[in-house]
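Below is one structure, written out as structure tokens; comments come after it.
The values are calculated or read from the model by the stated rules, or taken from the named source; none is laboratory data. Remember, it's a predicted structure, so these values are computed and weren't measured experimentally. With ideal geometry, Cβ positions are generated from the backbone for all residues, glycine too; neighbour counts draw on all protein chains shown. Each accessible area value is taken on the protein alone, full model and side chains, heavy atoms only, with ligands, DNA and RNA left out. Shrake-Rupley method; radii C 1.70, N 1.55, O 1.52, S 1.80 Å.
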Amino acid sequence: QGGEMIQLKSESEIDGIRTSGHMLAEMFEEIGPEIQAGMSTWDVDKLFHDWMKRHHAGAPCVGYMGYPAATCVSVNDMVIHGIPSKTEILKDGDIVSVDICLEKNGFISDSTHTYEIGTVSPDVHKLNVETEKSLYLGIEAAGKPGARIQDIAAAVSGHCRKFGYGVVRDYCGHGVGFEMHEDPEIPNYVSLMNPNPRIRKGMVFAIEPMINMGTYKIRTEPDGWGVKTADGKPACHWEHTVAMTDSGLEILTRI
Ligand code: MF3
Ligand code: CO
């Protein structure tokens, strides 16, 4: 469909991606609580990157199309792909998404958490809660018998629309496992223009709602990586890698 090449994974390959995903989940559990006000986004990247080195896991983001870090650390109106910086200091009331790909034994998993620094405003907290909720609604939709890729978008955008949030259209989830980005694309909005393959056994992909408090429109930073909301309002991002197996849809990046 549409020239897509979806690489189905065998059970042993899914096993490999599961090992990678569980390491990633364990790392988020361990390092997440250490993220706090006063740290730079570079410090945050270093915490995760050092963990990966200690556990002999690869950081495939390093050098990916010239990307200079192991993680993407995106603060407030940065939606995705924030490059860690020694001069960007986290402060009380910020939100920060940490997006990480981890490689173990050649298998890649991908996950994102958005952390709240100290106390954030109630509307920002709500944006974060509802973005994470939309991820789980997308996962639930993908797990229904006969589900297709656009059922994910319907669930994510259907939920976020209720709050007037902007659903980012220019970036999508994606197949993952052998490489960081594989087919199919997993958009968070529904369009008749998009391919809509059925979700089959052996498919492994990342679902990643990027949800803005205001407009869905984004713009790219002069560094060529950072993606910010066009109106300067905050954005949240949550992501899991999932696999369709004989026993249903499994979240690989959660323990
Ligand atoms: N995890 C990111 C994604 O899902 C990877 C960004 S590419 C990087 O697209 F080079 F910035 F890491
Ligand atoms: Co991703």
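Annotations for the structure displayed:
- Given (1) within 23 Å of I117 (Cα to Cα); (2) touching a Cys at 6+ places or on another chain (Cβ under 8 Å), number of the condition M180 does not satisfy: (1)
- Restricting attention to segment 70-101, the residues that are near ligand 1 (Cβ under 9 Å from one of its atoms), farther than 18 Å from H240 by Cβ and open to solvent by 10 Å² or more (accessible area, probe 1.4 Å) add up to 2.
- Looking across segment 154-185, not a single residue is assigned to a helix (DSSP H, G or I) and under 20 Å from E103 (Cβ atoms).
- If you check N194, N188 for being open to solvent by less than 20 Å² (accessible area, probe 1.4 Å), more than 17 Å from R18 (Cβ to Cβ) and not in a helix (DSSP H, G or I), only one passes: N188.
- The residues on offer are I89, I108, and the sole one that is within 16 Å of ligand 2 (Cβ to nearest atom), aliphatic (A, V, I, L, M), at pLDDT 95 or above and touching a strand residue (DSSP E or B) at 6+ places or on another chain (Cβ under 7 Å) is I108.
- Single match in E208, E182 (criterion: more than 24 Å from C160 (Cβ to Cβ) and either within 16 Å of ligand 1 (Cβ to nearest atom) or at pLDDT below 95 (or both)): E182
- Checklist (1) touching a Ser or Thr at 6+ places or on another chain (Cβ under 9 Å); (2) surrounded by fewer than 24 Cβ atoms within 10 Å (Cβ to Cβ) applied to V176, failing item: (2)
- Counting only residues that are closer than 23 Å to V190 by Cα, open to solvent by 10 Å² or more (accessible area, probe 1.4 Å) and β-branched (V, I, T), segment 117-147 holds 2 of them.
- Test: residue in segment 157-172 that is under 16 Å from the mean Cα position of the chain (by Cα), in contact (Cβ under 8 Å) with a residue 60 or more places away in the chain and buried (at least 21 other Cβ atoms within 10 Å of the Cβ): yes
- Odd one out for R219 among (1) among the charged types (D, E, K, R); (2) over 30 Å from P33 (Cα atoms); (3) outside any loop (DSSP other than H, G, I, E, B); (4) under 18 Å from the mean Cα position of the chain (by Cα): (4)
- Single residue of A147, A206, A154 found to be at negative phi, within 14 Å of ligand 2 (Cβ to nearest atom), of a type in the set (G, A, S) and in contact (Cβ under 8 Å) with a residue 12 or more places away in the chain: A206
- Selection count where residues are of a type in the set (V, I, T) and either more than 16 Å from ligand 2 (Cβ to nearest atom) or without any contact (Cβ under 8 Å) to a residue 40 or more places away in the chain (or both), scope segment 219-251: 3
- Yes/no for E239 being open to solvent by 50 Å² or more (accessible area, probe 1.4 Å) and either touching a strand residue (DSSP E or B) at 6+ places or on another chain (Cβ under 9 Å) or farther than 21 Å from V96 by Cβ (or both): no
- The residues of segment 29-65 that are over 17 Å from the mean Cα position of the chain (by Cα), part of a loop (DSSP other than H, G, I, E, B) and either surrounded by 12 or more Cβ atoms within 10 Å (Cβ to Cβ) or of a type in the set (G, A, S) (or both), listed by number, are I35, Q36, A37, G38, M39, H55, A57, G63.
- Considering segment 201-226, and only residues there that are buried (at least 22 other Cβ atoms within 10 Å of the Cβ) and touching a His at 6+ places or on another chain (Cβ under 8 Å), the residue that is farthest from E13 (Cα to Cα) turns out to be I211.
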